[in-house]
Amino acid sequence: MSESTTTDEIESWLRELATDLTEPRPGECLLCFVARSLDEFGCDNQLRFACRFRDLRAPRAVGLERRLGQRGGFCDCEIFLNGWSVHSRLWSPEREVEREGYAEIIEAEPPEELPPCTGVRLGSTQPCGNWERRRRGW
Ligand SMILES: [Zn+2]
Ligand SMILES: [Zn+2]
C-alpha cells in the first residue's frame, strides 16, 4: 500500500465522519440547529453543535462560546436549560379540565416538535422567532 492511498483513505473517512452529523439548513438559526442536532445525537457536554454551526455558517462569530457561557450555556443542552426556551406563544396554553369532579389545571407545555425555523440571515448567530430568552429567577 502506498503512502498516498493511506492518506486518501483517511481523508475519505474524515469526510464521512463529518457528513454523519447534521448540517444547518439554509437560513436555519443557531438554536434551531442545535436543538435539532441534540434531538438526534444528544449532548457531549461541550458546545459541539453550537461550534459546528459557527464553523459552517458564521466563522467570524469568534466570541460565540463566551456569549453562550454568559447565558449559562457551557454545553449544547445548557443553552436551552439556562439561556433560551421555545417562545411562549408556541406553548400549549394552560387550561383547566375537570377530572372526577375536580378542576385540574394543566400547565402550559412546550411543543413536542419545534415548528420550522423562521430563519435568520447567513452569518448570524442570533436565534429566530421560535425562541425567547429565559427570564431570570426561573
Ligand atoms: Zn449538555
Ligand atoms: Zn430558528
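Rundown of residues vs (1) surrounded by 12 or more Cβ atoms within 10 Å (Cβ to Cβ); (2) in contact with a strand residue (DSSP E or B) (Cβ under 9 Å, 6 or more places away or on another chain); (3) modelled with pLDDT of 95 or more, yes/no style:
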position	(1), (2), (3)
23	yes, no, no
28	yes, no, yes
73	yes, yes, yes
82	yes, no, yes
91	yes, yes, no
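Which one is nearest to residue 39 (Cα to Cα) among residues in segment 93-109 that are surrounded by 10 or more Cβ atoms within 10 Å (Cβ to Cβ) and either touching a helix residue (DSSP H, G or I) at 6+ places or on another chain (Cβ under 7 Å) or without any contact (Cβ under 8 Å) to a residue 12 or more places away in the chain (or both)? Steps first, please.
If we filter segment 93-109 for residues that are surrounded by 10 or more Cβ atoms within 10 Å (Cβ to Cβ), which is where we start, we get 93-95, 104, 106, 108-109.
Of the ones still in play, those that are also either touching a helix residue (DSSP H, G or I) at 6+ places or on another chain (Cβ under 7 Å) or without any contact (Cβ under 8 Å) to a residue 12 or more places away in the chain (or both) are 95, 104.
Working: 95: 28, 104: 31 Å.
Applying the filter and picking the extreme gives 95.
Being in contact with an Asp or Glu (Cβ under 8 Å, 6 or more places away or on another chain) and of a type in the set (A, V, I, L, M, F, W, C) is the filter; apply it to segment 87-109 and report the residue that is nearest to ligand 2 (Cβ to nearest atom).
Step one: of segment 87-109, the residues in contact with an Asp or Glu (Cβ under 8 Å, 6 or more places away or on another chain) are 87-88, 91-92, 94, 96-98, 103-108.
Keeping just the survivors that are of a type in the set (A, V, I, L, M, F, W, C) gives 91, 97, 103, 105-106, 108.
Details: 91: 16, 97: 32, 103: 37, 105: 30, 106: 27, 108: 21 Å.
Among those that are in contact with an Asp or Glu (Cβ under 8 Å, 6 or more places away or on another chain) and of a type in the set (A, V, I, L, M, F, W, C), it is 91.
Does residue 130 meet the test of being touching a residue at least 24 places away in the same chain (Cβ under 8 Å), crowded, with 17+ Cβ neighbours inside 10 Å and out of contact with any Lys or Arg (no Cβ under 8 Å at 6 or more places or on another chain)?
Working: touching a residue at least 24 places away in the same chain (Cβ under 8 Å): yes; crowded, with 17+ Cβ neighbours inside 10 Å: yes; out of contact with any Lys or Arg (no Cβ under 8 Å at 6 or more places or on another chain): yes.
Answer is yes for this residue.
The values are calculated or read from the model by the stated rules, or taken from the named source; none is laboratory data. Keep in mind that this is a model prediction, so the values were computed, not measured. Cβ coordinates were reconstructed from backbone atoms using ideal geometry, including for glycine residues, and neighbour counts include every protein chain displayed.
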